[in-house]
Each structure stands twice: as C-alpha cells, then as structure tokens.
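Enquirer: Take a look at the following structure, please.
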Amino acid sequence: MKTRILSALIMLPLLIIVLIGGDVLLIACLLVGLMGVREFFNGFKSMGVKPNYIIAYISAGGLYFIDIFCGGSEWYMLWIFGTVLLCMLYLFNIEHRKLEDAMATLTGVFYVIFFSFHITLVEQTDYSLMVWLIFITAFGTDIMAYFSGYLLGKHKLCPKISPKKTIEGSVGGMLGSIVFSGIFGFILMPELLVHCLIIGALGGVISQLGDLTASIFKRKMGIKDYGNLIPGHGGILDRFDSVLFTAPMIYYYIVLIMENIA
C-alpha cells in the first residue's frame, strides 16, 4: 500500500500539466501516446509479434499535426485512411511479416495514440474544464476500488482476468467516481452538476473496463506490467489504461449530448 501511495504522489505533477493546459497538455498527451505505444508494442514482441514502431510514430505525428494546423473531420478521416493503409502496406514484405504484425500495429495506434489524443480534444471544447473529469473518474475509480476491495472485498469480479478485483471494490470504485465528480461539479461547474454526476457514473464503469482490457492484453502477452517507469504502477500504460477509455467517453458525451442540448 505504501508503494502505491508514494507512486500516486509521483503522479502529482500531472495535475500541474492539466492546470496549465493548452500546448503543454497537448505535448504531454503526445508523449504519453508515444511512450505508451512503445510499451504496448514491446508486449507484443514478447510473444513473437512484430508491430512497426515507425508507422506508429508517423501516425502520432500526423494526428497532432492535423490538430494543430488543419482541423476538420475530413482531415481526421484522411488520417484514419492513411494509418490503415500504412499498416496494410507493412504486410507487403510478405516473407517476413505475419497478419498479426499489421493488426498489432493498427491496434496500438488506435488504442493508445488515438484514444489518448481525446484528452486534448476535450480540453479544446467549450467545456474545457471537464478535462479534469477524465482523470477524476479514472483515478478516483481506481483509488476507491482499491480501498473498497481491500476493506470489504469478498466476491471475485473477473478472476480469470484480474484475480484481485472484487465486486465490492468495483461498486466502491463507481460510487467514488460519482462522488468525486459530483464534488468537482458542485464547486467548479454548479450549472453542469447533473452532467458531472452522469459522467461520474459512466466513468466509474468504463474506467474499470479500460483497466480490465489492459489486464487481458497483459495476460495474453505473458507480462505482469507494461513497463517499470513508475514504481508500484509499472509503465505509462499501467497508469493510464483507464484514462484511455474515459477520455473518449467524456469527449463524445460533450459533443454528442451537451453541445446538442446547448
């Protein structure tokens, strides 16, 4: 437990990055995407799959270039087309490449780079303050699930995926996400309190799905952690696996529900 608490304190500088926002947050998101996809690909290498790092880096650079200099949905559609095309062309060296090499590359680009990119997209909306909810729901759920499971956990949630997770911990995590999001909304966005509570509820569920998804990948890859960058938490992906799911959820909630209502 001490290791987890100390590691959580190490993550505090992230709060400063989110507070500053703008280009600083954008650069941080890009770095998380690049470091995360490298960890993800290293996991595949451990099982004999050979994803292409260069394609991932080119795709990441192209995505953020579009965000800074272009914008518009048609440019993002072009990026999707280009990324898929590059992954398919990777198979042209047919004697040395397997189908799973291209599929792992494509999965890494979208799962790590594209999903994490939604953090900066949220910050660019009219509800930029809600970027905090990405981390409040993800980390709040994780913290409360850990302590709820530690104190009350008796019934296993998904023993074949993550043996230590319990139903009691899961419920505690969801309640924690709602409470933390509600406090955030009550203090900083009282006019949007209902939306904050809804996002807290959704985030409490989807953040755990993100965590479980990462656990499935690690089990299939035969690794315990994606890396050892953060003591007690593993690598970047071990800490941001929930964020990869909460960021897109909050962004699409904003653009599809909140902006349409407004």
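The values are calculated or read from the model by the stated rules, or taken from the named source; none is laboratory data. The shown structure was predicted, so the numbers you read here are calculated from the model rather than taken from an experiment. No Cβ is skipped: glycine too gets one built from the backbone with ideal geometry, and neighbour counts run over all protein chains shown. What goes into the accessible areas is simple: the full protein's heavy atoms, side chains included, and nothing from ligands, DNA or RNA. Shrake-Rupley method; radii C 1.70, N 1.55, O 1.52, S 1.80 Å.
Enquirer: Can you name the residue in the stretch 71-110 that is of a type in the set (D, E, K, R) and part of a helix (DSSP H, G or I) and is also least open to solvent (accessible area, probe 1.4 Å) among such residues? Explain how you work it out, then say what you get.
Expert: First, pick out the residues of the stretch 71-110 that are of a type in the set (D, E, K, R): 74, 95, 97-98, 100-101.
Adding the requirement that they be part of a helix (DSSP H, G or I) leaves 74, 100-101.
Details: Glu74: 114, Glu100: 85, Asp101: 2 Å².
Checked the stretch 71-110; the qualifying residue least open to solvent (accessible area, probe 1.4 Å) is Asp101.
Enquirer: Here is a further query. On the basis of being open to solvent by less than 60 Å² (accessible area, probe 1.4 Å) and either touching a strand residue (DSSP E or B) at 6+ places or on another chain (Cβ under 8 Å) or among the β-branched types (Val, Ile, Thr) (or both), does Ser207 make the cut? Spell out the reasoning first.
Expert: Working: open to solvent by less than 60 Å² (accessible area, probe 1.4 Å): yes; either touching a strand residue (DSSP E or B) at 6+ places or on another chain (Cβ under 8 Å) or among the β-branched types (Val, Ile, Thr) (or both): no.
So Ser207 does not fit the description; no.
Enquirer: From Pro231, Pro248, which residue is at pLDDT 95 or above and surrounded by fewer than 23 Cβ atoms within 10 Å (Cβ to Cβ)?
Expert: Details: Pro231 fails: at pLDDT 95 or above.
After ruling out the rest, the residue left standing is Pro248.
Enquirer: Determine if the stretch 7-14 includes at least one residue that is touching a Pro at 6+ places or on another chain (Cβ under 7 Å), farther than 30 Å from Asp126 by Cβ and at pLDDT below 95. So that I can check it myself, show each step before the final result.
Expert: Step one: filter the stretch 7-14 for residues touching a Pro at 6+ places or on another chain (Cβ under 7 Å), giving 7.
Still in the list and also farther than 30 Å from Asp126 by Cβ: 7.
Going one step further and asking which of them are at pLDDT below 95, we end up with 7.
Yes: one or more hits.
Enquirer: Within 27 Å of Ile187 (Cβ to Cβ), surrounded by fewer than 22 Cβ atoms within 10 Å (Cβ to Cβ), out of contact with any Leu (no Cβ under 6 Å at 6 or more places or on another chain) and not charged (D, E, K, R): is that true of Thr125 in this structure?
Expert: Numbers: within 27 Å of Ile187 (Cβ to Cβ): yes; surrounded by fewer than 22 Cβ atoms within 10 Å (Cβ to Cβ): yes; out of contact with any Leu (no Cβ under 6 Å at 6 or more places or on another chain): yes; not charged (D, E, K, R): yes.
The answer is yes for Thr125.
Enquirer: Looking at this structure, is Gly185 in contact (Cβ under 8 Å) with a residue 24 or more places away in the chain, touching a helix residue (DSSP H, G or I) at 6+ places or on another chain (Cβ under 7 Å) and assigned to a helix (DSSP H, G or I)?
Expert: On the way: in contact (Cβ under 8 Å) with a residue 24 or more places away in the chain: no; touching a helix residue (DSSP H, G or I) at 6+ places or on another chain (Cβ under 7 Å): yes; assigned to a helix (DSSP H, G or I): yes.
No, not satisfied.
Enquirer: Out of all the residues in the stretch 145-170, which are surrounded by fewer than 18 Cβ atoms within 10 Å (Cβ to Cβ) and not aromatic (Phe, Trp, Tyr)?
Expert: Leu151, Leu152, Lys154, His155, Lys156, Cys158, Pro159, Lys160, Ile161, Pro163, Lys164, Ile167
Enquirer: Return the total of residues in the stretch 62-97 being farther than 18 Å from Thr125 by Cα, in contact (Cβ under 8 Å) with a residue 24 or more places away in the chain and of a type in the set (Val, Ile, Thr).
Expert: Within the stretch 62-97, residues that are farther than 18 Å from Thr125 by Cα, in contact (Cβ under 8 Å) with a residue 24 or more places away in the chain and of a type in the set (Val, Ile, Thr) number 1.
Enquirer: Which numbered condition in (1) open to solvent by 70 Å² or more (accessible area, probe 1.4 Å); (2) more than 25 Å from His155 (Cα to Cα); (3) part of a helix (DSSP H, G or I) is the only one that Leu202 fails?
Expert: Against the list (1) open to solvent by 70 Å² or more (accessible area, probe 1.4 Å); (2) more than 25 Å from His155 (Cα to Cα); (3) part of a helix (DSSP H, G or I), Leu202 comes up short only on (2).
Enquirer: What is the number of the single condition among (1) crowded, with 23+ Cβ neighbours inside 10 Å; (2) in a helix (DSSP H, G or I) that Phe217 does not meet?
Expert: Of the numbered conditions (1) crowded, with 23+ Cβ neighbours inside 10 Å; (2) in a helix (DSSP H, G or I), the odd one out for Phe217 is (1).
Enquirer: On to the next question. Test Met174 against the criterion of being more than 22 Å from Phe240 (Cα to Cα) and either open to solvent by 40 Å² or more (accessible area, probe 1.4 Å) or modelled with pLDDT of 95 or more (or both), and give yes or no. First the steps, then the outcome.
Expert: Details: more than 22 Å from Phe240 (Cα to Cα): no; either open to solvent by 40 Å² or more (accessible area, probe 1.4 Å) or modelled with pLDDT of 95 or more (or both): yes.
No; evaluated as a whole, the condition is false for this residue.
Enquirer: While we're here: Considering (1) modelled with pLDDT under 95; (2) within 19 Å of the chain's Cα centre (by Cα), say which one Ile113 fails and leave the rest.
Expert: Result: Ile113 fails condition (1) only.
Enquirer: Right, here's the next one. Scan the stretch 104-117 and report the pairs whose first residue is within 13 Å of Tyr90 (Cβ to Cβ) and among the small types (Gly, Ala, Ser) and whose second residue is open to solvent by 20 Å² or more (accessible area, probe 1.4 Å) and assigned to a helix (DSSP H, G or I), with Cβ atoms within less than 8 Å and a gap of 6+ or a chain change.
Expert: Ala104/Phe44; Gly108/Phe44
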